[in-house]
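Chemist: I'd like to ask some things about the structure below.
The values are calculated or read from the model by the stated rules, or taken from the named source; none is laboratory data. Note that this is a predicted model, so its numbers are computed, not measured. Using ideal geometry, Cβ is built from the backbone for each residue, glycine included, and neighbour counts are taken over all protein chains shown. With ligands, DNA and RNA removed, areas are computed over all heavy atoms of the protein, side chains included. Shrake-Rupley method; radii C 1.70, N 1.55, O 1.52, S 1.80 Å.
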Amino acid sequence: MPEPEQYEIASETESDAERRRRRAQFLRELNEAKALRDRVQPRRARAARMRQQMRMRTFRW
């Protein structure tokens with residue numbers, strides 16, 4: 001008969017897999033929403049890209 005600790009470990013890995021699946025779904029939807037916003041507001045999207053490029057240029061290692 002397996003110990004109760006083994007059941008807890010199995011449930012933790014299952015919830016971890018479920019959490020990863022939900023996170024992947026969330027990130028897909030987030031990227032889709034960002035792409036939609038970029039298509040709807042191209043000027044704002046371009047300005048945001050320019051700001052990001054400036055941040056990356058001035059970043060110091």
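Chemist: Right, Ala10: modelled with pLDDT of 90 or more, out of contact with any strand residue (DSSP E or B) (no Cβ under 9 Å at 6 or more places or on another chain), open to solvent by less than 100 Å² (accessible area, probe 1.4 Å) and assigned to a helix (DSSP H, G or I) or not?
Modeler: For Ala10, the condition - modelled with pLDDT of 90 or more, out of contact with any strand residue (DSSP E or B) (no Cβ under 9 Å at 6 or more places or on another chain), open to solvent by less than 100 Å² (accessible area, probe 1.4 Å) and assigned to a helix (DSSP H, G or I) - is not met.
Chemist: Shifting gears a bit: So, in segment 30-57, of the ones that are of a type in the set (D, E, K, R) and open to solvent by less than 100 Å² (accessible area, probe 1.4 Å), which residue ends up nearest to the chain's Cα centre (by Cα)?
Modeler: Lys34
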